[in-house]
Amino acid sequence: MLEQELELAKISAWANKKFRDSLKESFNDLKDVTTPYGSFLELIYHFFSATYFWLRRIGYADYTIRSAKDLTNVNNLFSQWEVIDQKLIEFVELMQSENKSATHSFKYTTSKGLELEITFHILILQLFNHGYYHRGQIAYIVRMNNKSPMPQTDSLVYFRESSQ
């Protein structure tokens with residue numbers, strides 16, 4: 001049960017690790033580049049903190065994360081990102097251990113105060129697609145600033161690498 005959702009969480013963590021590893025050298029040169037989310041640093045923070053905020057919305061995140069302004073050091077920023085990736089995997093594993101199904105639903109309140117409901121599967125898809133979207137933005141910004149290209153993080157590459 002929930003094998004697909006766990007696989008999606010693991011693919012995201014794998015892709016994010018590849019990005020972190022690749023960005024370590026060029027991050028300081030890019031951190032202040034303007035993006036639609038503010039600075040490059042703020043884009044990265046938005047990307048991984050969205051997972052945290054979703055987990056908090058549905059009552060899973062019993063911890064806090066530091067603000068973007070407190071994470072200006074690349075090691076601190078990437079360490080926080082890695083923790084969030086692991087927390088998502090742990091959340092899916094917890095759902096599995098509790099025998100929840102993909103259609104299990106969570107009630108949550110939006111930032112505008114609307115009370116809504118989302119199924120577990122749709123939540124995982126949202127987080128997965130959100131990650132692909134922002135990794136694409138990050139890769140584009142890296143390329144436009146003449147830094148080393150980002151690694152391939154398509155799901156097929158993940159499956160190829162995990163079968164070796």
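The values are calculated or read from the model by the stated rules, or taken from the named source; none is laboratory data. Source: prediction; values computed, not measured. With ideal geometry, Cβ positions are generated from the backbone for all residues, glycine too; neighbour counts draw on all protein chains shown.
Checking each residue in region 137-164 for being among the hydroxyl-bearing types (Ser, Thr, Tyr), surrounded by 12 or more Cβ atoms within 10 Å (Cβ to Cβ) and free of Cβ contacts under 8 Å to residues at least 40 places away in the same chain picks out only 140.
Looking at this structure, is residue 103 outside any helix (DSSP H, G or I) and modelled with pLDDT of 95 or more? Judged against the criteria, residue 103 is a match.
Of the residues making up region 1-51, just one is part of a helix (DSSP H, G or I), in contact with a Phe, Trp or Tyr (Cβ under 6 Å, 6 or more places away or on another chain) and free of Cβ contacts under 8 Å to residues at least 60 places away in the same chain, namely 48.
So which of 130, 121, 104 is surrounded by 14 or more Cβ atoms within 10 Å (Cβ to Cβ) and without any contact (Cβ under 8 Å) to a residue 60 or more places away in the chain? Before you say what the answer is, go through the steps one by one.
Working: 130 fails: without any contact (Cβ under 8 Å) to a residue 60 or more places away in the chain; 121 fails: without any contact (Cβ under 8 Å) to a residue 60 or more places away in the chain.
Unique residue meeting the criteria: 104.
Among all residues of region 86-99, there is at least one that is of a type in the set (Phe, Trp, Tyr), touching a helix residue (DSSP H, G or I) at 6+ places or on another chain (Cβ under 7 Å) and surrounded by 11 or more Cβ atoms within 10 Å (Cβ to Cβ).
Taken over region 52-70, the residue count meeting the criterion of being in a loop (DSSP other than H, G, I, E, B) and either touching a Pro at 6+ places or on another chain (Cβ under 6 Å) or farther than 17 Å from residue 94 by Cα (or both) is 4. Residue 68 fulfils the conditions (1) modelled with pLDDT under 95; (2) among the small types (Gly, Ala, Ser); (3) under 17 Å from residue 127 (Cβ atoms) except for a single criterion, (3).
Could you say whether any residue in region 107-116 is surrounded by fewer than 17 Cβ atoms within 10 Å (Cβ to Cβ) and in contact (Cβ under 8 Å) with a residue 60 or more places away in the chain? No, region 107-116 contains no residue that is surrounded by fewer than 17 Cβ atoms within 10 Å (Cβ to Cβ) and in contact (Cβ under 8 Å) with a residue 60 or more places away in the chain.
Please count how many residues of region 52-98 are of a type in the set (Gly, Ala, Ser) and under 21 Å from residue 28 (Cα atoms). Write out each step before concluding.
Residues of region 52-98 of a type in the set (Gly, Ala, Ser): 59, 61, 67-68, 79, 97.
Pick out the ones that are also under 21 Å from residue 28 (Cα atoms) and you get 67-68, 79.
Residues flagged as of a type in the set (Gly, Ala, Ser) and under 21 Å from residue 28 (Cα atoms) within region 52-98 amount to 3.
Scanning region 9-25 finds no residues that are among the aliphatic types (A, V, I, L, M) and touching a strand residue (DSSP E or B) at 6+ places or on another chain (Cβ under 9 Å).
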